[in-house]
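The values are calculated or read from the model by the stated rules, or taken from the named source; none is laboratory data. Small disclaimer: the values here were computed from a predicted structure and weren't measured. For neighbour counting, all protein chains shown are included, and Cβ atoms are generated from backbone atoms with ideal geometry for every residue, glycine included. All accessible areas refer to the heavy atoms of the entire protein, side chains included, with ligands and DNA or RNA removed. Shrake-Rupley method; radii C 1.70, N 1.55, O 1.52, S 1.80 Å.
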Amino acid sequence: MIALLRSEWRKVTTIKLGWGMLLGAMALAALGVVAQIASNGTPGTGVPPLSDPETQKSIAASASSAYLFSVVVGIILITTEFRHFTSRPTFLLEPRRGLVIAAKAVITAGVGLLYGIACVVVSLAITVPWLSAKGVHVDWVANGLVVVMVGALFVVAIFAVVGLGVGVLFRNQVAAVISALTYLFVVEPLVAIVPVVREGYRYLPGGAAAALTGAARVQTTLLPNWQGGLLLLGWGLLFAFLGWILTVSRDIP
Amino acid sequence: MSTDSAAVEGRIVASGLTKVFGQIKAVDGLSFTVEPGSVTGFLGPNGAGKTTTLRMILGLAAATSGTGTISGVTYAQLPHPGRTVGAVLEATSFHPGRSARNHLRVFCAAAGLPDKRADEVLEWVGLTQAATYSVRGFSLGMRQRLALATALLGNPRVLLLDEPANGLDPEGIAWLRGLLRHFADVDGRTVLVSSHVLSEVEQTVDRVVIIAKGRLIYEGRLADLEGASAGVVVRSPTLDQLRAALAPLHVTITSRLDGSVAVVGATPEAIGRAAWEARVELHELRAGSSSLEETFLRLTADPTGTLEASA
Ligand SMILES: Nc1ncnc2c1ncn2[C@@H]1O[C@H](COP(=O)(O)OP(=O)(O)O)[C@@H](O)[C@H]1O
Ligand SMILES: [Mg+2]
């Protein structure tokens, strides 16, 4: 297993995959922070002032937007293997396919975690000096901001594993990316606003992530924070299981 | 075949291998044996089922029925598959953005081999100079060499190479020939090498397994194929009567472009006698002299013309 983890990690570090995607994720997180701090206090928005813990949580949750990138990275890491047949030598060296996919899932989650860490660092680098310049006192622990940021890391890592499962399912990179982004940008937001169905939104991956970080302001109630986290973990495991079952049952191309 | 004889170290055995893709029977009840210490050619035209057969033996594709074993066990049962079997499949398995050395190091890690092994195999295949270049810029010949290097990482005693000569220049083919002969003759390894062009491997192989449309056409020594298959050229204005007259001889009859037929499985004397007894008019009767390549093309174009090895 250690050998497989090393091999899978090398696959990540020996190709130029990450930098563009990583910069994109960091930029989106930064944008979320900047937009919320800069617009705060605009009359008529109804947003509580920066000193309000809810506003601070929402700012801290900006890093979780990186899940849009980590899901794509998860997809790319696995579909690249199908596209270039690099999975073949891997499965020849380790015919126990379940072990291979487990190593892949661990490394994919790790890459997602690194994306999350980078985005949390960026949002902190903007938030801390800016709020202190504005004279806003922030109590990171008492206001639950640390919990929100850890939640954001978790969200970004889990979505990378979701991408792995989607990638195994589709095998084709373009089809997998388009399907995943259509779901996250179109299907889930629609579910969140359509009456009746929106009651189910809280159980979807995006709804569970929102519950964990409080990032989304939606017109439906979300699960309590910890339940959202557990549910999201469940979604991650489900997609990892999907990747596993499809890998052991189908032919390797 | 008894279990004992199948369990020879390094022997590859396919027995009744079958693979169905939807409507297509890509491999159809294929059985053959590949012995250690020899180079065996796995021949057949494009689409014959060579790659699919190798994928089944390697456990990448599940057989619809039948089994493939190496040293008496399935690929998944091998204790150290990476150190027992080295394989190259047709579509070369590289990420274009990875350097040759990094490509090999990815798999050194998976096989638990030290990184310096990557440089050793690069030297064997003559790619040391290109070690740090992205595979993207590699010629087909360089890719073939890198694929071979990947297969050699674990110093395997069994090599399965799918179309390794594809894209190699004549110099490269000569180099490959030397390497494969060395593996079989000096090291006693098992070498199975597929090709859709007989002439690519003709001078390298000891034995051949020829397939067409997923079925076995011929298994045996190349030299015997030549002897067994040259056939007898017969010309007659009444071919139907000729076929009827030759039926008791259990021969294979195939049409030739010039209107004559090639009869395999009987001597000119036996054919002449049968024709005479049945009062079939003959205009030509002579021993054929087809080249090996012609024989190969004819055999694989008409998979009903099954030949048994005389050895
Ligand atoms: N994954 C697949 N799905 C459907 N058909 C396939 C697949 N792989 C191979 N085939 C078909 O099986 C037949 C044998 O293919 P292949 O084993 O690649 O032949 P060869 O290697 O001798 O050229 C061909 O008709 C090919 O189209
Ligand atoms: Mg092929």
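Given q = 0.16, 0.19, 0.21, 0.22 Å⁻¹, what are the Debye log10 I(q)/I(0) values for the stretch A:123-241, with equal point scatterers placed on the Cα positions and solvent ignored?
For the stretch A:123-241 at q = 0.16, 0.19, 0.21, 0.22 Å⁻¹, log10 I(q)/I(0) is -0.84, -1.04, -1.15, -1.21.
Could you derive backbone 3J(HN,Hα) for the stretch A:240-246 from the dihedral phi with the Karplus parameters 6.51, -1.76 and 1.60 (θ = phi - 60°), listing whole Hz in sequence and x where the residue is Gly or Pro?
Result, ordered by residue: 5, 5, 4, x, 5, 5, 6 Hz.
What's the average, rounded to a whole number, of partner chain beta-carbon atoms within 10 Å of each residue's beta-carbon in B:79-87?
Taking the mean over all residues of the peptide, I get 2.
Give me the net charge of A:Trp9's neighbourhood, meaning all other residues with Cβ under 13 Å from the Cβ of A:Trp9; Lys, Arg count +1, Asp, Glu -1.
Residues close to A:Trp9 contribute a combined charge of +4.
Ranked highest first by average number of other Cβ atoms within 10 Å, how do A:102-111, A:7-16 line up?
The peptides rank, most packed first, as A:102-111, A:7-16.
Give me the Kirkwood hydrodynamic radius of chain A in Å, from all C-alpha pairs, to one decimal place?
By the Kirkwood definition, the hydrodynamic radius is 18.9 Å.
To the nearest 10 square angstrom, how much accessible area does B:Ile24 have with a 1.4 angstrom probe?
Counting only protein heavy atoms, the figure is 110 Å².
Let me check I've understood the local charge: for A:Asn225, count other residues with C-beta under 14 angstrom from its C-beta, Lys and Arg +1, Asp and Glu -1. What total comes out?
Charge balance near A:Asn225 sits at +1.
If exposed means no more than 12 neighbouring beta carbons inside 10 Å and the site is in a DSSP loop, what's the longest run of chain B without any exposed GluC sites (Glu not before Pro)?
In short, B:1-280.
Gap in Å between the Cα centre of the stretch B:80-128 and the Cα centre of the stretch A:218-251?
36
Could you tell me the relative contact order of chain B? Use alpha-carbon pairs under 8 Å, at least six residues apart, and round to a whole percent.
Computed value for chain B: 20 percent relative contact order.
Using only C-alpha atoms and all pairs of different ones, pull out the Kirkwood radius for the protein assembly as shown in Å with one decimal.
Result for the protein assembly as shown stands at 27.5 Å.
Using θ = phi - 60° and the Karplus relation 6.51 cos²θ - 1.76 cosθ + 1.60, list the HN-Hα couplings for the stretch B:115-122 in order, rounded to whole Hz, with x at every Gly or Pro.
Calculated HN-Hα couplings, in order: 4, 5, 4, 4, 5, 4, 5, 4 Hz.
Cα to Cα, under 25 Å, and not fewer than 8 places away if on the same chain: which lysines meet these conditions relative to B:Lys116?
Within the straight-line cut-off, B:Lys116 pairs with A:Lys11, A:Lys16, A:Lys104.
In deg cm²/dmol, rounded to 500, what helix-only [θ] at 222 nm does chain B give when every DSSP H run of at least 4 residues adds -39500 (n - 2.57) and the total is split over its residues?
Rounded to the nearest 500, the figure is -9500 deg cm²/dmol.
Please average, across the residues of B:107-120, the number of beta carbons from any other chain that are within 10 Å of each residue's own beta carbon, and give a whole number.
Per-residue shielding by partner chains comes out at 4.
Rounded to the nearest 100 Å², what is the sum over both chains of accessible area buried where B meets A, with a probe of 1.4 Å?
2400
Using the Kirkwood radius over Cα pairs, work out the Stokes-Einstein diffusion coefficient for the stretch B:5-138 at 4 °C and 1.567 mPa s, in µm²/s as a whole number.
Approximately 77 µm²/s, per Stokes-Einstein.
Straight-line reach from A:Lys134: which aspartates and glutamates fall under 20 Å, measuring Cα to Cα and dropping same-chain residues less than 8 apart?
Hits, sequence-local ones excluded: A:Asp52, A:Glu54.
Taking the Cα centre of each part, how many Å lie between the stretch B:170-198 and the stretch A:119-182?
54
Taking beta carbons within 10 Å but only from partner chains, what does the mean come to for residues A:187-193?
So the per-residue partner count for this stretch is 0.
Under a straight-distance cross-link criterion of Cα-Cα below 23 Å, which lysines are reachable from B:Lys19, leaving out those fewer than 8 residues away in the same chain?
B:Lys19 reaches B:Lys50, B:Lys213.
Cβ neighbours within 10 Å, averaged per peptide: list A:33-42, A:171-180 in order, most packed at the top.
A:171-180, A:33-42
Under 5 Å between amide H atoms, partner at least 5 residues away or on a different chain: which partners does B:Val232 have, H built in plane at 1.01 Å?
It is B:Val263, B:Val264, B:Gly288, by chain and number.
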